[in-house]
Amino acid sequence: MTRVSRRMQRLRFVVRDDDVHYFTRAEHLEAVYGGLWDVVRVSFGVIPFYCRGDAHGAPSWTRNTDEVFALGANDDLVSYLRDKVRMTEVGIALHGYHHRLYRSGPEFAAGEDLARKVQHGRRYLEQLLDADVSVFVPPHNSLSSAGARAVARARMNILLGRGFWLWERPVSLRSAWGFARLASFAALRGVHRRYPVPVDLGTHREAPCYSLTPRVSPADIAAAFQWALGRKAAYFCLATHYFELLQHPTLLAAYRDFLISVRDEFADRVSFVTAEELFRSRSV
Ligand SMILES: [Zn+2]
């Protein structure tokens, strides 16, 4: 019975695009997704209070000042995102708080006061963008045990990179089981494949993503997608950075072509969903 329902289940395709912050312009996002809004739904990883970070698209001088750049001060971007959320074309995920990079590591691996930052950052984005924000995207895909506890306490789910190490999550039977599943999968399938269903850690769920960067071949992403489809994976999450795509026009063109080809060739087997919708479904 399980096998039958799994076979009929559509693959949920999540587009994750990180580093939307005060310095982002709506034109940046339109340059990547303009003309695709009837094809995909995009989950933006949004930084509520950018400060001393290393996010794509932020001027380098901001690394040397303690000035905080709140998303809400960019009226045009806020208005654009609110419209897109209202039209259900865009989902909002919390991508850190400051996106600060410490000497000892990224914000949610090395920073402090993380529980408050998750709660406040989430509430701020929900009110500012009139959106439900229930998914957390760790800056640099990096999350300590304390960071994971802060996110779980807020009852948020997580999009991450390849997976996590045992010591990067609060100790529990569920986290040990989740780690064992990811580790045995990696040993069997290699580092270029992602676990095909979100991992349930009891307090929350985590979904590994494929990253498209200038160092990754779009052909490898297409092969991973075909593999996921063939394996009847529950989902496929593709993570990228709009700003990096804009700096690499060939990559941007390949990215757009790929999304359109998924829509055109697999419309009967694939649904584009936001990250929030992915986790809302209990069947994945
Ligand atoms: Zn980031």
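The values are calculated or read from the model by the stated rules, or taken from the named source; none is laboratory data. All of these numbers come straight from a predicted model, not from anything done at the bench. A quick note on method: Cβ atoms are made from the backbone with ideal geometry, for glycine too, and the neighbour counts reach across all protein chains shown.
If you go through the range 51-62 one residue at a time, do you hit one that is surrounded by fewer than 19 Cβ atoms within 10 Å (Cβ to Cβ) and more than 16 Å from the ligand (Cβ to nearest atom)?
yes
Would it be correct to say that residue 164 is modelled with pLDDT under 95 and crowded, with 23+ Cβ neighbours inside 10 Å?
So residue 164 fits the description; yes.
Quick one: count up the residues across the range 105-152 that are in contact with a Leu (Cβ under 8 Å, 6 or more places away or on another chain), assigned to a loop (DSSP other than H, G, I, E, B), under 21 Å from residue 202 (Cα atoms) and not β-branched (Val, Ile, Thr).
Here the count works out to 2.
Residues checked against (1) within 17 Å of residue 279 (Cα to Cα); (2) surrounded by fewer than 22 Cβ atoms within 10 Å (Cβ to Cβ):
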position: 108; (1), (2): no, no
position: 115; (1), (2): no, yes
position: 125; (1), (2): no, no
position: 138; (1), (2): yes, no
position: 149; (1), (2): no, yes
position: 153; (1), (2): yes, yes
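Which pairs do you get when a residue that is on the phi > 0 side of the Ramachandran plot, found in the range 93-111, comes within reach of a residue that is among the basic types (Lys, Arg) and at pLDDT 95 or above, reach meaning Cβ atoms under 7 angstrom, with the pair 6+ apart or on two chains?
Correct list of pairs: empty, since none qualify.
Being among the basic types (Lys, Arg) and closer than 28 Å to residue 57 by Cα narrows it down to one of 263, 280, 215, so name that one.
Answer to the check: 215.
Could you pull out the residue among 85, 40, 78, 68 that is among the aliphatic types (A, V, I, L, M) and either in contact with a Cys (Cβ under 7 Å, 6 or more places away or on another chain) or within 16 Å of the ligand (Cβ to nearest atom) (or both)?
68
Kindly indicate whether residue 75 is charged (D, E, K, R), over 20 Å from residue 151 (Cα atoms) and either surrounded by 21 or more Cβ atoms within 10 Å (Cβ to Cβ) or more than 19 Å from the chain's Cα centre (by Cα) (or both).
yes
Checking the conditions here, which among 217, 261 is under 22 Å from residue 89 (Cβ atoms) and surrounded by fewer than 16 Cβ atoms within 10 Å (Cβ to Cβ)?
Residue meeting the stated conditions: 261.
So how many residues does the range 256-268 have that are in contact with a strand residue (DSSP E or B) (Cβ under 9 Å, 6 or more places away or on another chain) and farther than 26 Å from residue 134 by Cβ?
Final tally of qualifying residues: 2.
Taking only pairs six or more apart or across chains, which ones have beta-carbon atoms under 7 Å, a first residue in the range 166-191 that is more than 22 Å from residue 151 (Cα to Cα), and a second residue that is among the basic types (Lys, Arg) and surrounded by 14 or more Cβ atoms within 10 Å (Cβ to Cβ)?
Filtered contacts from the range 166-191: 191/162.
Does the range 89-104 hold any residues that are part of a strand (DSSP E or B) and either polar (S, T, N, Q) or more than 16 Å from residue 72 (Cβ to Cβ) (or both), and which are they?
90, 91, 93, 100, 101, 102
Is there a residue being touching a Lys or Arg at 6+ places or on another chain (Cβ under 6 Å) and not hydrophobic (A, V, I, L, M, F, W, C) anywhere in the range 248-258?
Among the residues of the range 248-258, not one is touching a Lys or Arg at 6+ places or on another chain (Cβ under 6 Å) and not hydrophobic (A, V, I, L, M, F, W, C), which makes the answer no.
Looking at the range 134-157, which of its residues are over 21 Å from residue 54 (Cα atoms) and within 16 Å of the ligand (Cβ to nearest atom)?
If the condition is that a residue be over 21 Å from residue 54 (Cα atoms) and within 16 Å of the ligand (Cβ to nearest atom), then 135, 151 are the ones that fit.
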